[in-house]
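Below is one structure, written out as structure tokens, with a few remarks after it.
The values are calculated or read from the model by the stated rules, or taken from the named source; none is laboratory data. Keep in mind that what you see is a predicted model, and the values were worked out from it rather than measured. Virtual Cβ from ideal backbone geometry, glycine too; neighbours counted across all protein chains shown.
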Amino acid sequence: MPQITCSRCRESKELMSEPPFPGDLALIVQQHVCAECWRGWLEAQVNLINEHHYVMTNPEHRAQLNSHMREFLSLPD
Ligand SMILES: [Zn+2]
């Protein structure tokens, strides 16, 4: 498996075998984030959704959650 240097934990890890969700942003995540850190985000995301009462069908809420995700994972712009 190809290796990546994870943008969150800074360790050299295996590339996730598939993008973790549909869409272009997932390809960036796959190229920069390891599976462990991605799972960490999924847990953090649940707390954020509860805290901010995000509704995933609301495009504005999804955009806000995406920016939290970019920050959490230290994704490049
Ligand atoms: Zn990582």
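Screening the candidates N47, N58 for the property of being modelled with pLDDT of 95 or more, polar (S, T, N, Q) and surrounded by 11 or more Cβ atoms within 10 Å (Cβ to Cβ) yields one hit, N58. Here R39, R8 are screened, and the one residue that is within 12 Å of the ligand (Cβ to nearest atom) and assigned to a loop (DSSP other than H, G, I, E, B) is R8. Just give me the residues in segment 2-44 being surrounded by fewer than 11 Cβ atoms within 10 Å (Cβ to Cβ), in contact with a strand residue (DSSP E or B) (Cβ under 8 Å, 6 or more places away or on another chain) and modelled with pLDDT of 95 or more, in sequence order. Passing the criteria: only S12.
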